[in-house]
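Each remark here refers to the structure printed beneath this line.
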Amino acid sequence: MPAVLGLNFHHDTSAALVVDGRLYAAEEERWSGIKHHRHTRKGVLTAPARSLNWCMEAAGIGPEDVDAVWAASMRPTPAAGWWLAKERDELAALLPAPLGENLRLLSHHTSHVLSGYLLSGDDHAAGLVIDAGGSALGSDFGPGRERITGYDLRPDRIDRLHQGMPLVVPGPVGPRRVHSSLGHFYRNLAQRVIPPGDEPEGSMMALAALGDPLRYGPQVRELIQLGDEGEIRVAHPMGSADSGTPLLIGGRAWAADNVTDRPEAERADLAAAVQEVFADSVVHVARHVQRLTGASTLVFSGGCALNSHLNGHLAADSGFDTLFVAPAPHDAGTAVGAALYGWHYQLGQARLPVPTDAAWGPEPGHISDTLVPPGYRAIPRLGKALAPTVAALLADRHIVGWVRGPLEFGPRALGHRSILAHPGHTGTRDRLNAIKRRAAYRPFAPAVLAEHSANWFETEGDPFMNRVARVRPSRAPRIAAVTHHDGTARVQTVSADHQGLRELLEQFHRRTGLPLLLNTSFNRKGAPILRTAEQAVRATAELGLDALAVGDTVLLADHVPDPHGLLLSNTRER
């Protein structure tokens, strides 16, 4: 029974374990309650202790049963000599002895790309990783950290073909530093557009749909030069980790500490320009990687792959026939990539099947009588009546927490720890934005029965909610709660073997004629997606949801009437 462990000790601390062809994976934030499990002190490393323990317990093995241990490197200094050994020793000391002794390091970007490629089902693919910065271990083309890396990927080899690196070039007053980090570029601009307290990158992507990219587009384009051979040059300091230097655009100094001084319309115009220039830059690199590899599939990963609008552009304009975005393209996914690397390339095991979602974590447990909060009543043992009952609640425009099966891995709720609502009513959308304390311009995503997707959307979504699609104009009025200002939606396609949402979507379709639901993550503002039934009950009461479904039990708020007698009749039958 071969077993390989993959770990990430840095941002989005996580653990992944492949045992006998089955993947177990979880993020440490789901136990700590701290989003991204991020520390207040920069550079602090921690082992994913609780997620690691869960993986071991769920697989029924101990540390001594693990054949290989791999972790994504994040050492920013050159990887040669004692620096690499120092990082390995530092990480090994955080693990139980049998695991620490077997620990080996894989480059950060290679871990990223393999978290997608080895689950894509493609034998030959191009890989592209773009983020703020990776490790020095993968910097084969010169000193510094990974920023942009292109790969040619096959079952028997991993070839790094392209790398964007920082440069020092002559300037009018002496040498100047030129950066290649599109991740830093997007984050820096987001911090100058989005007020503190809102997640900057995701909020700027949403706000961009309200803006005019032409207003500031020429000035933003001056910040990035696109060169031959996929080269990217970002003007200093916007391509670095400098978040404090004001940006002079439109005769104004844009800075993180004066964001609220700008009207939302102006900020939307700058956001639209940044989004457009950012997407064009990534497409520029992707086309170069396509020319280098001749592959028909692009596997995209890294923090920038969370930008679903960018992914829509990549799918349409990059020259590839197929785009596969890793199920968890952010840093937590490097644990999955590291584990799959050891499983396939080191141990020579067959690749895992293409997943329908990323439900690789723990089950939620059950609602006991002692958990029912004031203001709610429990209707247990609904059995097969659960899905039609919840579909009736959703059809009546109630907002329902939905907790079912293994926990998702990654930042998107894919129908296992979700809040669901009717996709056609903007009033429900606005209420949900207020419940989650989100900016009113931020959209919600639809989960759609895969076989009906083409009837409602002009372009493709994906199973992991990582890509926007254009809503068919004739359909948009019927699904106004999930249609963004620019006529797009971040679509999750739900296949026939999806264990979380499939039956409920089918029931809702029969009742309403709509084969889709509004699906958003079950969490409080600034907190991770919740893990357990107990957490779901508390969050339901605190957020004021109308109902909660866990297992075959529904909690119904006292103000919500029995949906057409379903709950009462289902209880009497038992």
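Key figures
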{"read-out": "Among residues of the stretch 336-353, those that are part of a loop (DSSP other than H, G, I, E, B), in contact with a strand residue (DSSP E or B) (Cβ under 8 Å, 6 or more places away or on another chain) and surrounded by fewer than 16 Cβ atoms within 10 Å (Cβ to Cβ), counted", "value": "1"}
{"read-out": "Leading residue by the ranking (surrounded by the most Cβ atoms within 10 Å (Cβ to Cβ)) among those in the stretch 509-527 that are of a type in the set (D, E, K, R) and at pLDDT 95 or above", "value": "511"}
{"read-out": "Qualifying residue in the stretch 532-541 (condition: out of contact with any Leu (no Cβ under 6 Å at 6 or more places or on another chain) and either assigned to a strand (DSSP E or B) or surrounded by 24 or more Cβ atoms within 10 Å (Cβ to Cβ) (or both))", "value": "no"}
{"read-out": "Contacts under 6 angstrom Cβ, first residue in the stretch 493-508 being buried (at least 24 other Cβ atoms within 10 Å of the Cβ), partner part of a loop (DSSP other than H, G, I, E, B) and of a type in the set (Gly, Ala, Ser), 6 or more apart", "value": "493/461; 500/405; 500/415; 501/415"}
{"read-out": "Condition met for residue 356 (more than 23 Å from the chain's Cα centre (by Cα), among the polar types (S, T, N, Q) and buried (at least 19 other Cβ atoms within 10 Å of the Cβ))", "value": "no"}
{"read-out": "Subset of the stretch 222-280 (residues that are among the aliphatic types (A, V, I, L, M), in a helix (DSSP H, G or I) and in contact with a strand residue (DSSP E or B) (Cβ under 9 Å, 6 or more places away or on another chain))", "value": "270, 273, 277"}
{"read-out": "The listed residue being closer than 30 Å to residue 502 by Cα and in contact with a His (Cβ under 6 Å, 6 or more places away or on another chain), out of 303, 312, 365", "value": "303"}
{"read-out": "Neighbours by Cβ (under 6 Å, 6+ apart or cross-chain): first from the stretch 219-244, over 13 Å from residue 285 (Cα atoms); second assigned to a loop (DSSP other than H, G, I, E, B) and of a type outside the set (A, V, I, L, M)", "value": "237/245; 239/181"}
{"read-out": "Residue 296 surrounded by 24 or more Cβ atoms within 10 Å (Cβ to Cβ), among the polar types (S, T, N, Q), more than 16 Å from residue 180 (Cβ to Cβ) and in contact with a strand residue (DSSP E or B) (Cβ under 9 Å, 6 or more places away or on another chain)", "value": "no"}
{"read-out": "Residue in the stretch 207-220 that is more than 12 Å from residue 270 (Cα to Cα) and either surrounded by fewer than 23 Cβ atoms within 10 Å (Cβ to Cβ) or touching a Leu at 6+ places or on another chain (Cβ under 7 Å) (or both) present", "value": "no"}
{"read-out": "Among the residues listed as 381, 377, the single one being of a type in the set (Lys, Arg), farther than 30 Å from residue 307 by Cβ, assigned to a strand (DSSP E or B) and touching a residue at least 60 places away in the same chain (Cβ under 8 Å)", "value": "377"}
{"read-out": "Scope the stretch 13-22; condition crowded, with 24+ Cβ neighbours inside 10 Å and out of contact with any Gly (no Cβ under 6 Å at 6 or more places or on another chain); matching residues", "value": "13, 14, 15, 17, 18"}
{"read-out": "Candidates 319, 333 - the one that is buried (at least 21 other Cβ atoms within 10 Å of the Cβ) and at pLDDT 95 or above", "value": "333"}
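The values are calculated or read from the model by the stated rules, or taken from the named source; none is laboratory data. Only a predicted model underlies this, so the values are computations on that prediction, with no experimental measurement involved. FYI the Cβ positions are ideal-geometry reconstructions off the backbone, even for glycines, and counts take in every protein chain you see.
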